[in-house]
Amino acid sequence: MSTNKQRDFVLRTIEERGVKFVRLWFTDVIGTLKSVAIAPAEVEGAFAEGMGFDGSAIEGFTRTYESDLLAQPDPTTFQLLPWRGDVDPTARMFCDLTTPDGRPAAADPRNVLRRALARASDAGFTFYTHPEIEFYLLKSSAYGPEGPEPVDHAGYFDNVPGGTAHDFRRRSVRMLEDLGISVEYSHHEAGPGQNEIDLRYSDALSTADNVMTFRTVVKEVAIEQGVYATFMPKPLSGHPGSGMHTHMSLFEGDVNAFHEEGAEYHLSLTGRRFIAGLLRHANEIAAVTNQFVNSYKRIWGGDEAPSFVTWGHNNRSALVRVPMYKPNKGQSTRVEYRALDSAANPYLAYALLLAAGLKGIEEEYELPPEAEDNVWSLSDSERRALGYAPLPASLDHALEYMEESELVAETLGEQVFNFVLLNKRKEWEAYRSQVTPFELKSNLGML
């Protein structure tokens, strides 16, 4: 469908469905969803000219002297918001951000991903992704001396008759389907109150849009049901963190470039080099795939989060996993990146994962031997002997890798690259200056 036909479809649907408000969505550099509501009469003008706003007021977008930006709605993303119901029906569209002269805004995360996808396209590839998104349901955002209180104490795959999580997942999945987002699985995860919903494979830009919509749906359903949903990477001490394991594949037309019949694990040379790129650049991209101080509590807190730069066939302790091959399903050959957490900006994270994999293909990186053992059960000396390097131990450590990375600077662009470094340095400095309950409990009474 042509752009004009898509726009006509949106305008006609707005009229036929009695839509009263249209929300224009975009994200800041950190991945926070931004929204401005316009009246239906303004939509045609927004398609033609964009909606102007002050970019300097949004985290990481512009400097004050170049603040004017335009939000250009993408008609292919038009959907009615099901949680709004029939009272004042409301729709949404994601936007691409541009400067007044029509150039893509340098700090628009959606544009960062578009640029990475264009590079892949120039090499003949389409990039597909499939995220498994974990989150916690808590009784409220408030917390006491024992920390946040989960809505249940169920475990992995548990069925809890009449439980909050069961009803929550059913309602969330129905809303996602109403928004045109296909769901593959939903289940209770290993932590108390922890849940997982897996979205079906899609092109990476659609997936990133879907992740942003997913977070909003989960938050809205939580409010509706009187609970609180959080995508914080590690909200509960002693329990698993929330990851966003993402399965990835490259296609050349209709052919899966990662599949080779008869090869080990049916994984092609292209797929092996893609994994090698992910491994070599994993530490450089960590400040984006794991962008918060709390992210490293998940990475180094055990409970199946990867802590070392390894790959393996169906090895869940590895950073990159090659899932079991399904006979006669070559199109399903893929790799899974397991460090990414649920709080990442999906546009920037997918752009960097793609760039790292493409670098491995372009530079013909050699894939190191796979990790066949449980990496967590090995001793430090055994891991060193096997060449298993650790992921960054902290956000500060990750930023040291990032600021030396040509790949990250090139992929993000100068403005986003510099903002992420500045913003995250401030977060680390604020965290480092805190006196924590752990220190007080450990030291106050004995020193």
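Is the shape of the range 3-103 rounded, prolate or oblate, going by the alpha carbon gyration tensor and its root eigenvalues a ≥ b ≥ c, with a/c under 1.5 for rounded and a/b larger than b/c for prolate?
prolate
Looking only at Pro437, Pro323, Pro240, which one moves most when the chain is put into a Gaussian network model with springs between Cα atoms under 10 Å?
Of Pro437, Pro323, Pro240, the Gaussian network model singles out Pro437 as fluctuating most.
With a Förster radius of 25 Å, plug the Cβ-Cβ distance of Asp68 and Glu429 into 1/(1 + (r/R0)^6) and report the FRET value to the nearest 0.05.
Computed FRET efficiency for Asp68 and Glu429 comes out at 0.20.
Show me the ranking of peptides 311-319, 369-377 by mean Cβ neighbours inside 10 Å, starting with the highest.
311-319, 369-377
Around Tyr296, under 11 Å between beta carbons, what's the net of Lys plus Arg minus Asp minus Glu among the other residues?
That works out to +1.
Could you give the nm distance between label points at Glu414 and Ala142, where each point is 7 Å from its Cα heading toward the beta carbon?
Rounded to a tenth, the inter-label distance reads 5.0 nm.
Would you mind telling me which residue in Phe21, Phe53, Phe127 has the biggest mean-square fluctuation in a Gaussian network model of the chain, where springs connect alpha carbons within a distance under 10 angstrom?
Largest GNM mean-square fluctuation: Phe53.
For the chain, modelled as a Gaussian network with Cα springs under 10 Å, which listed residue fluctuates most, Ala105, Ala123, Ala208?
Maximum among the listed residues: Ala123.
Within the set Lys34/Lys441; Lys34/Lys139; Lys139/Lys297; Lys297/Lys441, which residue pairs have Cα atoms separated by over 28 Å?
Lys34/Lys441
Please report, ordered by residue number, every helix of the chain (full DSSP H runs) that is 15 Å or longer along its axis going by C-alpha atoms and whose mean Kyte-Doolittle hydropathy reaches 0.5.
346-362
What do you get for GluC sites (Glu not before Pro) in the range 247-276 restricted to DSSP loop and a cutoff of at most 15 other Cβ within 10 Å of the site's Cβ?
Taking the range 247-276 and a limit of 15 other Cβ atoms within 10 Å, the loop GluC sites (Glu not before Pro) found are Glu261.
What FRET efficiency would be calculated for the residue pair Leu33, Ser182, taking the C-beta separation as r and a Förster radius of 25 Å, to the nearest 0.05?
0.75
What trypsin sites (Lys or Arg not before Pro) does the range 140-239 have in DSSP loop regions with at most 15 other beta carbons within 10 Å?
Counting only loop positions with at most 15 other Cβ atoms within 10 Å, the trypsin sites (Lys or Arg not before Pro) in the range 140-239 are Arg200.
Compute the separation of the alpha-carbon centres of the range 356-434 and the range 272-290 and state it in Å as a whole number.
Computed from Cα coordinates, the inter-centre distance equals 7 Å.
Add +1 for every Lys or Arg and -1 for every Asp or Glu among the other residues with Cβ under 13 Å from the Cβ of Leu378, and state the total.
Neighbour charge sum, excluding Leu378 itself: -2.
By the scheme Lys and Arg +1, Asp and Glu -1, what is the net charge of all other residues having a beta-carbon under 14 Å from that of Tyr431?
Residues close to Tyr431 contribute a combined charge of +2.
Which loop trypsin sites (Lys or Arg not before Pro) in the range 1-54, with loop taken from DSSP, have no more than 16 other Cβ atoms within 10 angstrom of their Cβ?
Here the trypsin sites (Lys or Arg not before Pro) that fit, given the DSSP loop and packing criteria, are Arg17, Lys20.
Please report, in cubic angstrom per residue, the volume enclosed by the convex hull of the alpha-carbon atoms of the range 165-249.
Value for the range 165-249: 95 Å³ per residue.
Taken together, the values in this text are just the output of simple stated rules run on the coordinates, not laboratory data. Here the structure is a predicted model, which is why all the values come from computation and not from measurement. Methodologically, a virtual Cβ is constructed for each residue, glycine included, from the backbone with ideal geometry; neighbour enumeration extends over all protein chains shown.
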